[in-house]
1. In vacuum, with every alpha carbon of chain D counted as one equal point scatterer, what does the Debye formula give for log10 I(q)/I(0) at q = 0.09 Å⁻¹? Two decimals, please.
2. Quote to one decimal, in nm, the extra length available between residue D:254 and residue D:96 on full extension: 0.36 nm per residue of separation minus the C-alpha distance between them.
3. Between C:4, B:207, A:31, whose Cα lies farthest towards the positive end of the dipole of the protein assembly as shown when Lys and Arg beta carbons carry +1 and Asp and Glu beta carbons carry -1, centred on the Cα centre?
4. Quick check: Cα centre of segment B:334-395 to Cα centre of segment B:242-304, how many Å?
5. Determine, at each q value in 0.11, 0.14, 0.18 (inverse angstroms), the log₁₀ of I(q)/I(0) that the Debye formula gives when each Cα of segment C:137-256 is one equal point scatterer.
6. Can you give the Rg to Rh ratio of the protein assembly as shown, both from alpha-carbon atoms, with Rh computed by the Kirkwood formula?
7. Calculated from DSSP H runs of 4 or more alone, at -39500 (n - 2.57) each and per residue, what is the 222 nm mean residue ellipticity of chain B, nearest 500?
8. Principal axes first, then extents: for the Cα atoms of segment B:134-191, list largest minus smallest coordinate on each axis, whole Å, largest first.
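Coordinate-derived values only; no laboratory data. These numbers come from a predicted model, not from an experiment. Counting neighbours? That spans all protein chains shown, and the Cβs are built from the backbone with ideal geometry, glycine included.
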Amino acid sequence: MTEPHDTHGAGEHAHAGHGTTKQYLAVCAALMILTFVSFFTFRLLHNTQVQMTWAVMMAVSCVKALLVMLFFMHLKWEASWKYVLTIPATIMAIFLMIALIPDIKWRFETIAGGRTPSEERKVHMGYEHEPGTPAETEQGGGH
Amino acid sequence: MAAIPHAHDDAHAHAHEHGREMSLGKFLTTYVFSFDHKVIGLQFLFSTLIWFSVGGLLALGVRWQLAWPWTKMPIVGDLFFSSTGGQISPEFYTMLFTMHASIMIFFVIIPILAGAFGNFLIPLMIGAEDMAFPVLNMMSYWFMWPAFLCMIASFFVEGGASAAGWTGYPPLSSVHSAAPASHTGQTLWVMGLIFVGVSSMMGSVNYMTTIIQMRAPGMTMFRMPMTIWGMFITAILQAFALPVLTAALFMQLMDRTIGTSYFIPEGLIVNGAPAGSGGGQPLLWQHLFWFYSHPAVYIMILPAMGMVSDMISTFARKPLFGYKPMIYSIAGIAGLGFIVWGHHMFMSGMSPWLGTTFMVSTIMIALPSAIKVFNWLATIWAARIQYTTAMLFALSFVSLFIIGGLSGIFMAATPVDIFIHDTYFIVAHIHYVLFGGSAMGIFGGIYFWFPKMFGRMMNEFWGKVHFFLTFIFFNGTFYPMHILGAAGFPRRLADPYHYETFQHLLPMNQFITVCAIGMGASQIILAANMIYSLLKGPKCGRNPWHANSLEWTAPSPPGHGNFDFQPVVYRGPYEYASPLVDDDYFPQTRPPVEGEDKLAHH
Amino acid sequence: MGKVWSLLFLMVPVLGVGVFLVAPAYGHWLPKDVSAHGHMIDHLFNFILWLTGGVFVATEIALFWFMWKYDAKRNPQAAKFTHGSHNVEVAWTLLPAATLLFIAIYQMNAWAQVKIFKPDMPATVEVTARQFEWRIRYPGPDGKFDTRDDLFTVNDMHLPVGETVLIDLKSADVLHSFFLPHMRMKQDAVPGSKIPMWVKIKEEGMYDLVCAELCGWGHYKMKGRVTAQSREDFDQWLAQLQAEQERTQEPEKPEE
Amino acid sequence: MTDPHGHGQIKLQYQPALPIPNGKLFLWLFLSTEIMFFAALIGVYIVIRFGAPDWPGPSKMHLVELIGAANTLVLILSSVTVVLALDAAQKDNASLARLWIAATFLLGGLFLGIKVFEYKSKFSHGIYPALPHSRMYEKPDVYFASAVRERLRVLYARIDADRAEIASKKTNLLAGPQTEDVQRQIKDLDDRDKVLADKKAEYEQAVGPVAGDANASAHALMELSKRIYPVHDEHEKNAEGEAEHESIGLNDKYPELKLPFVVTGGNMWATTYFTMTGFHALHVLAGLVAFVLLLFKRLDRTRAGIVENVGLYWHFVDLVWIFLFPLLYLF
């Protein structure tokens, strides 16, 4: 193959809209460090402060996601259309997850009827003695 | 800049006719595996109309059973139930209404609006030669076919087609032993819906790109016809809501095939056998399903609203009243549409506190719909109405949508919903919105754009007969259902007269069934009219209705590439009865006249 | 033809209202309400019916009138060239908004009474739905569930009138819905959960118990019966049930 | 687009709203739909995870956090290489661009390879997405007990069949002439028979009588499950240190046993784990296919747009993993 495009200034400096190799490597290093931060948070704190580690790890993940989007996906250098496309999607995604969460609360309050989950499990273990089980429903109407 | 053609310029209309002899390969690429948005749109149109008749026949089966329970069902009874004297089984009845709803929603209304009209109209109305991604567009049609095949196949597998309701609520839909139809039929149903989802997703992304990037010069966002706005917002709704349904469908598929239990709770005993490993939550499906399927209700009506706005303005010979408020209310419906899904679940066992939240958002979504109705009414106020068939269907949309919209307020009111939830009141409401609304809009759209699609006019007389019968029989069928619902008549029962409470409602059900049969029969007129006009209808020029929007400046039917000149847009699409010009219409492409900028609103 | 079409559209409000006026006279209406809370629901239903009925008639008549008056064939006047009016738009946005908000707030109390403010009392009866029957369990003389003297019936529920009863709803297999049209009660039964319902019945009688959520092929025949009776009759019935059960049933396994 | 009808067709002009190519806009819109897809999966995971009465920690499920972290690093590296490929393509350095794409492909392949290794280690422990393949049971109930009994029955039947075969061979040999060779063969058979008999006795002893007892209590069955597949409460592990990791169950000691065991919440854990990583892996696979297609092209400046779009997709795949890793491995 010939190189017909050489005349278009192949060796020129990077586009105005893009980062330099150095920047990319720096971001990469930051991502790796952040990965280790969440990993060691888990190792050191998970047994004692569960909620805390969850919060830290989610925060770290959000920072990582932001770094990837800003630098690798070039959003840092894009025009303002980036807001139109990314913000609604992000809001919808977060909204969906938040909207599902009341189900958890519901499950704890109504299903378990105020019992703790482990107590609820004991009820399930004794399930054979509740109505609707095979032992008692032989005369049932199902076909 | 190319010259702007005259409205009745027939000279170019035939320039694009195809040669008589055509090789098989060329036939395939032109009419079957075509990249042309118009051909794909027509493929969608004809496929969905065929499914429309299938879904309608299934509905008549449901109606027969409700009017004359356990008697010999015509045709079906002889074919499959001769051993019981033609009396259908309750399993079959359950299958009938499940497949009726599934087909009508996923194979008719959604693909006919977005697939057929969206495909055909979007490039024409914004002045583009085709969609942004023609190959993707073709794939979006051909991805419907695996879905079609799944649905057809499901009727013939053991146990029959899906019978878990179109909502497919688990555990009934995800446990094999729960029902005879919960075997292969339900799996095929899930797979069919996944294919439909993939198809719609391809379409919606394509539409969005096309509308954002491929508008003709001068066609600003606020000069787009309402049809395009409806399609655009629908595409956004689909893009955000559909993936959630796809994910949920995959989960149900896994529950059904590899034994996971996303939606199967602990300790479930179905038909004496334990089901799955448990640990899932049945309500989770309902949340995910309605997160899509409530916006889907708007996916099924917003494009029709847009089309109706265009027809009303055209035949009222008057600008659309409140163009921007119309757009904002469509956007408002779409935005609110994402936070109201819980109103399908007031009785589902969801936290009643959540019910209150969803009630408020649901009540408020009536507001943008009300604004739209007022605007339509204001559009025909002080107008010069031309009673074409398309206009009659558009006006009936308004008339019937008022009923469908108002009956929604009953359901949104949580305490009232306690009584009318899962009764025929709901059935009446959904049909007033989907048949009285969307389907009437679709019929109107067919009469309106038929000349553009095929270059021939449809027969107006028979069109009006079709309208008259459909309108009468439609109301006869669905209006009494409000009364049934008020009497507590539950839906989805093979034999409601089993309960003393509902026995006195039998005569009314028989009346409804007679009307339903009449309504089904009236559609034969439409089919005959379409076929006859396709072959023998009078040829029409570019702009038979003297309408403003861009598609009417293209040849009828438009050739490859749509436009034989470069369209440039100078004004909005609703400049009828403008004092600036002598005609009562003022096409978007006509160069500006003196004094226009003073009058311009947009 | 414009006249014909306008009149056709006029039939919608005329017959629409007519049907709603005539239907109650023929018994095609809300079934008789026998619960203490039902009047709230019926009142809201009627309130919304009158409100939406007014809007319905007004808009449909307007539609008819515009169709009648502005027929191009009979109307020599030119169409009015207008793109809308800001003030009108604001008016017909705010007015419905206020009305809708009023409806939303007006009904909250009824919903809370029926579904949120659970009375603090032990359950009178536990209902477990399964394909295709209602299994009903009473706590027996000791007043506690999950004990040896629990009383069972199928599809035949008895409740005392004049006092609030708490019903626990469960499901053994798929979704069902506990629907008592005469008591304006409806609640889905969800497997894996226990959902409380409460009601105070005002009148003695026998009422249909309907399954209102598709539960399989036999959904239509999942019919139960609620017998509302005085406290004495109810207690007597329970005693009789207990006697029957002791005679016919082998002793249950003791609880763990 | 070419015109098949042969008459002159004008090229229409447009007025795009956004200053980006259609392809890039398409990709961003497509990614929006993908975000919703994964949001649904993650939302379901959160509901099930936090709604579950009990949820097994990573160590219970043989999930090694370090491997997950390593995989994260692999994906991050591949994100860098693909962005460098784009850089090279924009500078019209086609050969360098191809090199970076090849590197990305290899890293993506490495990611999938590690994933396959992880899946295999799950499968080898009897952890599958769900019953009936999975050998995990939710609670020590009758179904668990009968599954253990059924498994033991199959095992014992196999041993008994082998022993019967040995016995019949021995009878045949005894019937013939007793040469030295035959003597040795008989001794061989005796040894093998003894090994099998010992093994069965060993199994019987190890499993204990609980499995055979139809009325075994839930507690006894739980103890049996712990012998088969030791699980530790998070609190136990905390008190006694990490050493508990090493304790060996029957299934580890005798890999051929493949006995069922009880892990509360284990099946839901496996379901969500396999679903989420599985859909992610499918996306990785789709990316790899795209990279292969790119490798056949000359990646000069004219194709920088394609490289950018594929790169955007690949970064999105990376993005999803950034959230999946802590949610699945560290929560």
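1. -0.69
2. Details: separation 158, 0.36 × 158 = 56.88 nm, distance 5.20 nm.
The residue D:254-residue D:96 span can extend by a further 51.7 nm.
3. Result: C:4, furthest along the dipole toward the positive end.
4. 27 Å
5. One equal scatterer on each Cα of segment C:137-256 leads to -0.41, -0.67, -1.09.
6. Details: Rg = 34.3 Å, Rh = 34.3 Å.
Here the Rg-to-Rh quotient is 1.00.
7. Values: 21 runs with 339 residues, N = 602.
Mean residue ellipticity, 222 nm, calculated: -18500 deg cm²/dmol.
8. Ordered largest first, segment B:134-191 gives principal extents of 44, 22, 13 Å.
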